[in-house]
Amino acid sequence: MRVWIAAAATLLVPAVVAGQGRGKWFGMNWSMAAPIEHTKDFTNDYSFRGMGLEWRQFSGNKSFGFNAGWNVLNEEKSGTQTFQQAAINGDQFRYNNTVSLLLSAHVYGGGGSGKALGSRAGVRVLRAHARGLPERGVLRPGALQLRVLGR
Amino acid sequence: MLMQRVGLRFCVGMLVGALAAGCYPGGIETVSQTDLVATFFQKGVDFTANKTFDMPDSIVDIGVAAGASSTLNHKYDTQILAKIQAGLVALGYTRVDATATRPDVIVVVSGITVDNYSAWVGYPWWGYWGWWGGWPAGYGAGSTWYYPWSPVVVTGYTSGSLFINMIDPDLATPQPNQAFSIWAAAINGMLEGTDAEILARINTNIDQVFAQSPYLRTQ
């Protein structure tokens, strides 16, 4: 089973935080990914290529929303494959695109400090199975965030 | 207000699209990254029994059999043939004059100037190399190839591909008048690109041909 740990340094872009104060919240993030296990065997390089979009609808101290993310890992590899009566040498261009679509639910505490406690559940499109994505952190729109997500 | 929100969403959409397109990793950037070296050999052949070889002194365009007029650039024939000869000598082979001494194996080199030519099928090879005076008795018009590894082959080669065939005239073939290929190499698209690229790739790719064929050693 492929397992990913996506260490996401999430940059909430102030310009796209829309609807703040009106019960809606929209954010955009830049995510990076480090492959492990079988994914690492295929594409070993750390990836700075990724992004995500997030939308939340607030209701009291809760919010429900949707999160769409994309990461691509790639590696160019040279090598020789040998077969019973043949061998082939050349460059391989390997790509691993992962698209995640997650429904989210958050419960907020701490008054105006912006502390958030939430969880998400969704479907990773390329894997076709559902899983939870526990999350805990501090939410301050317009600021740099660091979140560690287990995917 | 509504216009502002629509405009904002449009800008976000454009930004997302631009970031995704800009972030996507690039692919092939140089001609040499498309190089592919494939080698085939007959299992069970005792390559150490072969010590001598000879080879025709030019590269022929076998793509003519596909209906194309030959546009193969023979500018690099000398370098390519010399590099192949050097590779075989390094493996322990000695070149002899086939018109005077029967060699253990004969090596022929060909290229194509068409795409997707099926190089490993029975093209009329005698029409291409019949002019060479080194063939042993028994070879003549009507001779065909015998590729023992067929049909495990790659046939979709691009224009500019180069092929090397090692024929053992001492081995019996399933049908008479066949040339028994005991080893073959294909270098995909090697003759495409600039002069400097081709000359560099002649060295690296032909070195690779022999590097991935260690069983060719004479001892």
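With +1 on each Lys and Arg Cβ and -1 on each Asp and Glu Cβ, and nothing else charged, work out how big the dipole of chain B is about its Cα centre, in Debye to the nearest 20.
Approximately 600 debye in magnitude.
Would you kindly calculate the mean projected area, averaged across all directions, of the convex hull enclosing the Cα atoms of segment A:29-110, in square nanometres?
Hull-based average projected area comes out at 7.6 nm².
Check which residues have an amide H placed less than 5 Å from B:TYR157's amide H, if you skip close sequence neighbours.
The list, which skips near neighbours in sequence, is B:ASN116, B:TYR117, B:ALA119.
Quick one: net charge around A:GLN92, please, counting Lys, Arg +1 and Asp, Glu -1 for every other residue with C-beta under 10 Å from its C-beta.
Local charge sum for A:GLN92: -1.
Please list the helices of chain B that count as membrane-span-like by this rule: a mean Kyte-Doolittle hydropathy of at least 0.5 together with Cα atoms stretching 27 Å or more along the helix axis, each helix being a complete DSSP H run.
Both cut-offs are met by B:2-23.
Could you give the alpha-carbon Rg of chain B over 2.2 N^0.38 Å, rounded to two decimals?
1.36
Please list, ordered by chain and number, the residues whose modelled amide H lies under 5 Å from the amide H of B:LEU36; skip anything fewer than 5 residues away on the same chain.
B:ASN188
Given the rule -39500 (n - 2.57) for each run of at least 4 DSSP H residues, summed and divided by the residues of chain B, what is its mean residue ellipticity at 222 nm, to the nearest 500 deg cm²/dmol?
Computed ellipticity for chain B at 222 nm equals -8500 deg cm²/dmol.
Just to confirm my numbers, what's the Cα centroid distance between segment B:160-219 and segment B:15-92 in Å?
8
We did not get these values from a lab; they are worked out from the coordinates using the rules stated. Bear in mind the structure is a predicted one, so any value in this text is a computation, not a measurement. Glycine gets a Cβ as well: all are built from the backbone with ideal geometry, and neighbour counts include every protein chain shown.
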